Amino acid sequence: MKFNSTSKTPGVKPKEDEKLFENIIDNLGKPKGTPSIAQQTINFSPKKLTPGVKQKILSTPQVQPKVKPKVRVETMPERIERITYEYDENDKRPVHLDNPLIVSQEDMTNRNLRPKQFSNMDPNSYPSNPKQKKALTTWEIMVDQAKNPKDKYDRESAKQVRQTILDSWKKPSMRQYLGEDELELIGRSKKQLEAKRKIQEEQIKERPVYVEPVRYEPEVKLTDYIEEKASIKPGITKELIQLQTDIKKNMDYVMGRDDKKEESKESVSNEDDKYKEDKFDR
């Protein structure tokens, strides 16, 4: 025997008002759920939809958005378990060591996140190596996560990724191994550099060019030039002294003065004086 919540009479169907009141009571205290996209399409449709169209819309499968995995740092219990396994006699391998979404605290602090560069001489750098395979997967997820950080933890992780890439870029031997998606995070990809170059060229074109005005020097007349060169500047100069000596020589020559004769006369007079002095001494 069935009993209704609003009517105690068995077998009696509740009225519509009673059903509405019953639904209100049942939904009291429950959070209001957001209607689905299909239901919103029906509710806000500008035209009145037939029941068949409504059923078709409601029966359309909804595409769930893919949740991208996130890389996190190992917790303290996981770290203790790992250190105990690596340095103590614990033979049980921790499960999280093989999880590419978990990074050790030391690797995150020291920015030892990027996988080893492939080398034929190093078996540890082979992609088939379990540790290298995990590092490759982890690094790919972290780079993808750094492109669109959504919360504080994502921003901190993106900062570590960018710093790791920048450390590799500063080494000339490692630049050739960096991909375009990695260079894009530090602003040094080919597209970004080309865009910067175009912006600089546009700024140079828009910048006003300073043109120095033409300065015309006054033309010197030939007569002024000859007078300037022919005139003697005031003051004692080398040219003036040379000119005076030349004039003196010409005057001595014209007046009949000979320096050699005067010198001989002076030497003869000096000898006569010496002779007279010797004579008086005797």
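The values are calculated or read from the model by the stated rules, or taken from the named source; none is laboratory data. These numbers were taken from a predicted model, which means no experiment stands behind them. We place every Cβ from the backbone using ideal geometry, glycine too, and count neighbours over all the protein chains shown.
Structural remarks
- Selection count where residues are modelled with pLDDT of 75 or more and either part of a strand (DSSP E or B) or within 30 Å of Gln39 (Cβ to Cβ) (or both), scope the range 59-107: 5
- Scanning the range 128-165 for residues that are surrounded by fewer than 16 Cβ atoms within 10 Å (Cβ to Cβ), in a helix (DSSP H, G or I) and within 20 Å of the chain's Cα centre (by Cα) gives Asp144, Lys147, Arg155, Glu156, Lys159, Gln163.
- The one condition in (1) assigned to a helix (DSSP H, G or I); (2) at pLDDT 75 or above that Glu239 fails to fulfil: (2)
- Any hit, the range 92-100, residues being within 22 Å of the chain's Cα centre (by Cα) and surrounded by 14 or more Cβ atoms within 10 Å (Cβ to Cβ): no
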